[in-house]
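J.: Once you've had a glance at the structure underneath, I'll fire off some questions.
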Amino acid sequence: MKRIIGNWKMHKTVQETADFLTHVLQRLSPEEVYLAVPFTAIKEAASHGIHVGSQNVSHEPEGPFTGEISARMVKEVGAEFAIIGHSERRHIFGETDDMIHRKILRAHAAGLKPLLCIGEREGEDREAVLHRQLERALKGLESSLVADMMIAYEPVWAIGTGKSASPEEAGDAHAYCRSIISSLYNAEIAAMIPLLYGGSVKSDNVQALLQQRDIQGALVGGASLDPDSFVKLVELSQSVVS
Ligand code: PGA
């Protein structure tokens, strides 16, 4: 089953989260809903029985890190997965490959499923960037941990721009990511990891993207904020057979 994961970024208060879910859960069951919400809305979202993620966790377990939030803290209030290394974290807030590697370890240790994001910026060599980001994020991780992750390929130039990668281009990039994981681990592990595409996914391109063999789902920002748009994406994704 192909899956849609919403990434709300810095949108929606607790009340707005409750209103969104009341609306959406009239048409979808909680098991069909995956949302990475702001920290403050995790508890509310989890109380509706959906799959809830945080959008970040600290690379440190605890301590004097003003403004940070730990993996254990978001797990405690109901998160089951955590987005790690989103391009907005890498490029606006200066997260390094080493921090991202440590965040994966922290998330896993707290019992959160890591959703690692990777992707090239406009003009960068896609394969070189994907290879470097995957190798550095996963270095030395046990295969059982890697097999329990999700990975999203999100070309930075496609995020929030309305300019998505073509299905073929995205399919090729995903196949390339799987080949890297296979070379770092093995083909069996690589086949177990859901690979998601992100970057301007909307109702008019979601099916073509999800029809690609190596794309198991989509990470959706803008189009996940409106309840009707989100429901439509989930319904369209469910009609994709591959
Ligand atoms: P977008 O964002 O769907 O608004 O392009 C995707 C993301 O940043 O995960």
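J.: In nm, give the distance between the simple-model label positions of E188 and T161, each being 7 Å from the Cα along the Cα-to-Cβ direction.
T.: Computed distance between label sites E188 and T161 equals 4.0 nm.
J.: Follow-up. How big is the Cα convex hull of the stretch 122-242 in projection, averaged over all directions, in nm²?
T.: Mean projected area of the Cα convex hull: 7.4 nm².
J.: For an R0 of 22 angstrom, estimate the FRET efficiency from the Cβ-Cβ distance between T66 and T13 and round to the nearest 0.05.
T.: So the FRET efficiency works out to roughly 0.45.
J.: Turning to a different aspect of this structure: Using modelled backbone amide H atoms (1.01 Å from N, in-plane), which distant-in-sequence or interchain residues come within less than 5 Å of A218's amide H?
T.: R3, I4, I5, Y197
J.: If I require 20 Å or longer along the helix axis, counting alpha carbons, and a Kyte-Doolittle average no lower than -0.5, what helices from the chain are left? Use full DSSP H segments.
T.: What comes out of the filter, once short or polar helices are dropped, is 167-184.
J.: Still on this structure, I have one more. Checking the cross-link filter: which lysines have an alpha carbon closer than 27 Å to that of K139, excluding same-chain neighbours under 8 positions apart?
T.: Partners found: K75, K103, K113.
J.: Related question: So what does log10 I(q)/I(0) come out to for the stretch 90-136 at q = 0.19, 0.21 Å⁻¹, using the Debye formula with one equal point on every Cα and no solvent?
T.: -0.66, -0.77
J.: Here's another thing I want to ask about it. Excluding residues fewer than 8 places away in the same chain, name every one of the lysines whose C-alpha is closer than 22 Å to that of K232.
T.: K2, K9, K12, K163, K202
J.: At 222 nm, what helix-only mean residue ellipticity would the chain give, in deg cm²/dmol to the nearest 500, using -39500 (n - 2.57) for each DSSP H run of four or more?
T.: Value at 222 nm, helices only, nearest 500: -11500 deg cm²/dmol.
J.: In nm, to one decimal, how far is the modelled label at V129 from the one at E168, with both set 7 Å along Cα→Cβ?
T.: Going by the 7 Å Cα→Cβ label model, 2.1 nm.
J.: Computed over the Cα atoms, what is the radius of gyration of the chain divided by 2.2 N^0.38 Å, N being its residue count?
T.: Ratio of Rg to 2.2 N^0.38 Å for the chain: 0.94.
Values quoted throughout were computed directly from the atomic coordinates according to the rules given, and no laboratory measurement underlies them. Everything numeric in this text was worked out from a predicted model, so none of it was measured. Cβ coordinates were reconstructed from backbone atoms using ideal geometry, including for glycine residues, and neighbour counts include every protein chain displayed.
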